[in-house]
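The values are calculated or read from the model by the stated rules, or taken from the named source; none is laboratory data. Because the structure is predicted, anything quoted here is derived from the model rather than measured. Reconstructed Cβ throughout: ideal geometry from the backbone, glycine too, with neighbour counts over all protein chains shown. When the accessible area is computed, the model is the full protein with side chains, heavy atoms only, and any ligands, DNA or RNA have been set aside. Shrake-Rupley method; radii C 1.70, N 1.55, O 1.52, S 1.80 Å.
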Amino acid sequence: EVGVERQRLLSLLEDNLLKKKRELEEEGAESSSSRRKSTGGQSASYVAQNERKENLEQLERELDEAIRNADHVKERLEEAKKVDEELYKELMDAKKKLDELKVKDARNTNDLKKAEEREAKLMNKRSLCVTRRELHARRIQELGSLPPTSELAKYRPLSISALMEELNSVNTKLKEYSHVNKKAYDQFVNFSEQRESLLKRKDEVDKGAEKVKELIESLDRQKDEAINRTFRGVSAHFKDVFKELVPNGAGELIMRTTLDDEDDGEIDSDDVDLSIRRQNPSVSRYRGVGIKVRFSAVGENYLMSQLSGGQKSLVALALIFAIQRCDPAPFYLFDELDQALDSTYRKAVAGLIQRQANSQENPTQFICSTFRPEIVSIAHRCYGISHQNKVSQINDLTKNDALHFIANLMNEEEAVGEVSSFATSNASRVKKRKMIRVDEEPHGEEDVVGED
């Protein structure tokens, strides 16, 4: 690129600038000769001469600039030559190194081939040695266990022929004991080694079993603690909830265990141990949970089997609310939970639901279906569900509409109850009359039968 630029500048200098310089010099010579011939045309040629001088100066300036550019290009060309020489030297060095590396690579390839050949020979030799080792091991196994070195020492000075004679005599003697198991000692050694390994494994298994037992005991303790902690929490909440539902009553949960069936006629020390075990019994002794309640300030406690249907429903609700306080849930769905309760207990249940729903610690949503006004009066939203043409429909109701609907429904139930009671009384009267007629008719029948 530098050479091309230099050639272009030289051609420009020779073809244009130098040519114009010669032309201007010739024109200057002609103008000087013409100036001598005529003085009248001096004024006209003076302007042309000035223009030529300006052109000449302009061309000289361009010539100087071209010369400077040519010098600069020459300097760059020399620098490029120096860089080219340095690069050429580096290229030659790189080629020399490449040749050396090729020679080393060829030498390494040759060494690698030789190493592979040696490795193949060694592998063949190794396989032969392994085969011979197995053969000798099999022969040693057939010979049986070797005698100690102290006995072998006396046979070392003997020659091979003497050893062969001794071997033949020993083989002759061994034929007398052909019925004896020659591998008994080897088997004993092998079985002893297996016994030791099995004993080690047994110790490891026993240690693992002890760790597993400790883990099981720890998990059982944690399970017992969790069950007892949960029972105590539910029992405490049951007392509080039952007290809220029945202010004058009391209730408690009882864990039934097998200790309750043990005999009470024991000595004092056993009684102390029995009381301690009853305070912290094992979960394996649990038989179930019992409930004792009292609906008045004074009186005896009743079991679940001794309660009426409404009282059982109230106790069940108390247990549900106690579990809810121990392990709160986000919402509860009750279906006519107040059906078997009277108005007093219905108000108590409604108040408990309202307090629990508006609790700041554990607020809970309650969804209840009911036909009684107590729960409706504390409800936040009311919905009416109707069933027409085998399709259920849900209607949003106001609290007044819901209370009005329930009041009408209760009035209808009371009217139906009065009609049913009236019909029952009439039926009982008719039945009494029939019984009286039956008491009177046999005499007539007897008379009729007698007449027959």
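Annotations for the structure displayed:
- Qualifying residue in region 213-225 (condition: among the aliphatic types (A, V, I, L, M), open to solvent by less than 80 Å² (accessible area, probe 1.4 Å) and in a helix (DSSP H, G or I)): no
- Subset of region 386-406 [free of Cβ contacts under 8 Å to residues at least 12 places away in the same chain, surrounded by 10 or more Cβ atoms within 10 Å (Cβ to Cβ) and in contact with a strand residue (DSSP E or B) (Cβ under 6 Å, 6 or more places away or on another chain)]: GLN393
- LEU352 within 42 Å of the chain's Cα centre (by Cα), open to solvent by less than 70 Å² (accessible area, probe 1.4 Å), over 24 Å from MET410 (Cβ atoms) and aliphatic (A, V, I, L, M): no
Every residue, every condition in (1) touching a residue at least 40 places away in the same chain (Cβ under 8 Å); (2) farther than 22 Å from HIS136 by Cβ; (3) surrounded by fewer than 10 Cβ atoms within 10 Å (Cβ to Cβ), yes or no:
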site: SER150; (1), (2), (3): no, yes, yes
site: ALA153; (1), (2), (3): no, no, yes
site: LEU163; (1), (2), (3): no, no, no
site: GLU166; (1), (2), (3): no, no, no
site: LYS173; (1), (2), (3): no, yes, yes
site: SER178; (1), (2), (3): no, yes, yes
site: ASP186; (1), (2), (3): yes, no, no
site: PHE191; (1), (2), (3): no, yes, no
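- Residues in region 355-385 that are closer than 19 Å to LYS243 by Cβ and either of a type in the set (Gly, Ala, Ser) or surrounded by 13 or more Cβ atoms within 10 Å (Cβ to Cβ) (or both): GLN356, SER359.
- Summed over region 287-301, the residues that are open to solvent by less than 60 Å² (accessible area, probe 1.4 Å) and free of Cβ contacts under 8 Å to residues at least 40 places away in the same chain give a count of 3.
- Pair list, Cβ < 8 Å and 6+ apart or interchain, from region 120-141 residues that are surrounded by 10 or more Cβ atoms within 10 Å (Cβ to Cβ) to residues that are among the aliphatic types (A, V, I, L, M): ILE140/LEU146
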